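A.B. asks: My questions will all concern the structure given below.
Values quoted throughout were computed directly from the atomic coordinates according to the rules given, and no laboratory measurement underlies them. Model, not experiment: these values are computed from the prediction.
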Amino acid sequence: MRMPALKLSAFWICAAVVALVGALLTIFDVVVINKFIFFAGYVVLQYVVLATAWNIMGGYMGYVNFGTAGFFAVGAYASVVLYNLIEAPLALMIPFSGVVCGLLGLAMGYLTLRLRGVFFAIATLAMAIVLETMIINWDYVGGATGAYILRSREMAPFGDYVEFLFFVMLLLAIFAVAVARGLEISKAGRGFIAIRDDEIAAECAGVPTLRLKLIATTVSGFLMGVAGAPFALYVGFIEPSSAFNLVYAVNAIAMPMIGGATTWLGPLIGALLLGTVQQVATVTISSELNLLIVGVVLVFFVIVAPEGIVGLLRKWLGGRRDDR
């Protein structure tokens, strides 16, 4: 009974250390860092949230969701709506976007979770296309031409607004990973695994499959929504083609698969690794190579390590123990 408590305390100690380092870099400026690091770091942390959110359904339950870009964009546009209504601060935008996308995930669950396999994946992709069409024809949020959100240059006690957004996304990433980890070690997490292994057998064993799937779609949608909430403030201008970009869906699937989709640690590792490589390639070569990089890395890991980096490490550590 002591081991889980030790693991939990270790996790929260690591989370607190990461948050403290982020505060030292952004609030106290203990080290002078190029501003681009915060721009790029924001994107990497954003993918940590998206990959973790996707993994709740795709990794834990085996339901592949191609609608990540739709949830992300709805979260971003929900912030635009709240900003246009009352010029709300980011502290209100984030929970509002999360609730909107959580309800969207719940609705999607009721409509699509009776589908399985490729049919469910196609349904989620169709949902994203429908949502994009609605946004394009909604003039209140800019429609097809997009909308501007003016942000301040500075944000006390942060020296720069981008540093503030970086720190906010860092906290959101810690929150998303903590939620995914909590679900994984909970009774619901065991139900997710049972659904992934054999849903029919799980139903026969008394597992409340529909309720668990609705919980997963709601939590996953909520996290994707909070990831998209600061997007308009980050770029300063939002349009449907950028908010609904297919890159978000592709990365959200590839990152957990590269890191290891059966555990909360996999999406974190995959997002940090692949997101960093993409940002470096954007600066040094071209942003057009991002999808090519994803494809090459994904094919490599599918062949060499189908269970991802976490699975590869488990096999390596297990082999070393067997040698002893």
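A.B. asks: Under the rule of at least 5 residues apart or a separate chain, name every residue whose amide H is placed under 5 Å from the amide H of Tyr63.
C.D. replies: Residues meeting the amide H criterion: Gly58.
A.B. asks: Would you grab the residues whose amide H sits under 5 Å from the one on Met155? Only those 5+ places off in sequence or on another chain, please, with H modelled 1.01 Å from N.
C.D. replies: Asp160, Tyr161
A.B. asks: I need to check one value: relative contact order of the range 46-97, counting alpha carbon pairs closer than 8 Å and at least 6 residues apart, in percent. Before the final figure, lay out the partial values.
C.D. replies: Working: 22 pairs, mean separation 13.3, N = 52.
It comes to 26 percent, rounded to a whole number.
A.B. asks: Here's something else I'd like to know. Quick one, could you list the DSSP H helices from the chain stretching 18 Å or more along their long axis (Cα atoms) with average Kyte-Doolittle hydropathy of 0.0 or above?
C.D. replies: Values: long enough: 2-26 (36 Å, 1.65); 35-58 (35 Å, 1.38); 68-86 (28 Å, 1.53); 90-112 (32 Å, 1.84); 118-136 (27 Å, 2.41); 161-184 (34 Å, 1.97); 209-228 (28 Å, 1.20); 246-259 (20 Å, 1.69); 265-284 (29 Å, 1.39); 290-304 (21 Å, 3.15); 308-323 (23 Å, -0.43).
Span-like helices here: 2-26, 35-58, 68-86, 90-112, 118-136, 161-184, 209-228, 246-259, 265-284, 290-304.
A.B. asks: What value, in deg cm²/dmol to 500, does the helix sum -39500 (n - 2.57) over DSSP H runs of n ≥ 4 give at 222 nm once divided by the residues of the chain? Before the final figure, lay out the partial values.
C.D. replies: Details: 15 runs with 245 residues, N = 324.
Calculated at 222 nm, the ellipticity per residue is -25000 deg cm²/dmol.
A.B. asks: How high is the relative contact order of the chain, given as a whole-number percent (alpha carbon pairs under 8 Å, six or more residues apart)?
C.D. replies: Relative contact order here is 31 percent.
A.B. asks: Just the number: Rg to Rh for the range 36-246, Cα atoms, Kirkwood Rh, two decimals.
C.D. replies: With Rh from the inverse mean 1/r over Cα pairs, Rg/Rh is 1.00.
A.B. asks: Now, a different point. Wrap a convex hull around the Cα atoms of the range 1-144, take a quarter of its surface area, and give that in square nanometres.
C.D. replies: That works out to 12.4 nm².
A.B. asks: Mind telling me which of Ile215, Ile285, Ile193 comes out most flexible in a GNM of the chain, alpha-carbon contacts under 10 Å?
C.D. replies: Largest GNM mean-square fluctuation: Ile285.
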